[in-house]
1. Out of all the residues in the stretch B:65-85, which are within 10 Å of another protein chain (Cβ to nearest Cβ) and at pLDDT 85 or above?
2. If the requirement is being under 22 Å from B:ALA103 (Cα atoms) and in contact (Cβ under 8 Å) with a residue 12 or more places away in the chain, which of these qualifies: A:ALA53, A:ALA48, A:ALA102?
3. If you go through the stretch A:39-68, how many residues are near DNA strand D (Cβ under 8 Å from one of its atoms) and under 13 Å from A:PRO8 (Cα atoms)?
4. Give A:LEU72, A:LEU63 a once-over and let me know the one that is under 21 Å from A:TYR25 (Cα atoms) and in contact (Cβ under 8 Å) with a residue 40 or more places away in the chain.
5. Restricting to the stretch B:36-48, name every residue that is away from DNA strand C (no atom under 11 Å from the Cβ) and touching an Asp or Glu at 6+ places or on another chain (Cβ under 9 Å).
6. Quick one: A:ALA28 ticks every box in (1) within 16 Å of DNA strand C (Cβ to nearest atom); (2) within 13 Å of chain B (Cβ to nearest Cβ) except a single one, so which number is it?
7. Answer yes if at least one residue in the stretch A:40-58 is more than 14 Å from every other protein chain (Cβ to nearest Cβ) and small (Gly, Ala, Ser), and no otherwise.
8. Using the structure shown, decide if A:HIS92 is more than 9 Å from chain B (Cβ to nearest Cβ) and of a type outside the set (Val, Ile, Thr).
Number of protein chains: 2
Amino acid sequence: MDPRDLLPMGEISSRSGFAASAIRYYEAEGLIEAHRSGGGQRRFERSALRRLAFIRAASNVGLSIDEIREELARLPDNRTPTKADWHRISKHWRARLDEQIAALERLKSGLDSCIGCGCLSLRSCAFSNAGDWAAEQGPGARLLPDSMRKPHPTRRTAG
Amino acid sequence: MDPRDLLPMGEISSRSGFAASAIRYYEAEGLIEAHRSGGGQRRFERSALRRLAFIRAASNVGLSIDEIREELARLPDNRTPTKADWHRISKHWRARLDEQIAALERLKSGLDSCIGCGCLSLRSCAFSNAGDWAAEQGPGARLLPDSMRKPHPTRRTAG
DNA sequence: CCTTGAACTCAAGTTCACTTCAACTTGAAC
DNA sequence: GTTCAAGTTGAAGTGAACTTGAGTTCAAGG
């Protein structure tokens, strides 16, 4: 590996659009790797840029850092994704986006019916009911999937 | 106001589905009001239940506490929403949901085209580009509206 | 050699929407 | 009058995904 091919922090930061602090954070979290110069500064391989692009795409889809780490780890060799990998992964994400879209549509149609009634009833109005609205209807019928609920801090599965 | 008509914390909590701590928080944030018993305990008017229903509906749509406060304050009289208010407001929210749905659709179709190319190019691929992707196209062309971006902690409008 | 900007580390801070805790008081029932 | 669930306060904690700051070192140019 010719050291001449390695890129310093500033280069990676400006080209990827991530702040240096974010990149350091990703390295600490094990999402990317870096070599070190004699004096301890990070030197990145060019492939880190693709990995960062992948990270941005994943986070746009709504994946957490943990999920992104898993997704990257699932790649054989833990390598930067190739075209074939990307094909498979993006199908997976597409489904996730479809689910999010469907959830918002459900919310909207609930809202539509509430325009008519103007009720906001605590009992019957799915829109204002507590967390488990539209249960009963079986799984999949929820208005919002877990991935779209507010990431409430210390909430554990209610007893 | 007959004190007999006022509800204690536990009642409001169980009927609204909010934890007592959440209700206290909302009061501290000025979203709801409460009378006090002689000994300093909260006593709520029945209308607080409707206000809480409104708060839940709003937060399901994705409004922040600040936005909910504003929305409530916009009601003439600062009263609990009537059917007519609800009609107007829910139209507003419907538009917001439509925007979110459209954003996800854009993201998905970007993903579709990326399945073909497998590029994840930092320059041309809208999916992996930094925050200002698809700018140039004018306002409204962004893949994700601000309301759907990750609420990045200490991010101020970049200079 | 000297300067200067880029980079380093580590700890602590930030936002949001609450929750949890500790220590104490109320109030309805018996 | 005693009991005890239910209520009170204020401070501190939570989790995610970084950022900020302080203090120090690196590396490239002149």
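1. First, the residues of the stretch B:65-85 that are within 10 Å of another protein chain (Cβ to nearest Cβ): B:80-85.
Those that are within 10 Å of another protein chain (Cβ to nearest Cβ) and at pLDDT 85 or above: none in the stretch B:65-85.
2. On the way: A:ALA48 fails: under 22 Å from B:ALA103 (Cα atoms); A:ALA102 fails: in contact (Cβ under 8 Å) with a residue 12 or more places away in the chain.
A:ALA53 is the lone residue from the list that is under 22 Å from B:ALA103 (Cα atoms) and in contact (Cβ under 8 Å) with a residue 12 or more places away in the chain.
3. So the answer is 3.
4. On the way: A:LEU63 fails: in contact (Cβ under 8 Å) with a residue 40 or more places away in the chain.
Answer to the selection: A:LEU72.
5. Within the stretch B:36-48, B:PHE44, B:GLU45, B:ARG46, B:ALA48 qualify.
6. (2)
7. yes
8. Details: more than 9 Å from chain B (Cβ to nearest Cβ): yes; of a type outside the set (Val, Ile, Thr): yes.
Criteria met by A:HIS92.
The values are calculated or read from the model by the stated rules, or taken from the named source; none is laboratory data. All values reported here derive from a predicted model rather than from experimental measurement. A quick note on method: Cβ atoms are made from the backbone with ideal geometry, for glycine too, and the neighbour counts reach across all protein chains shown.
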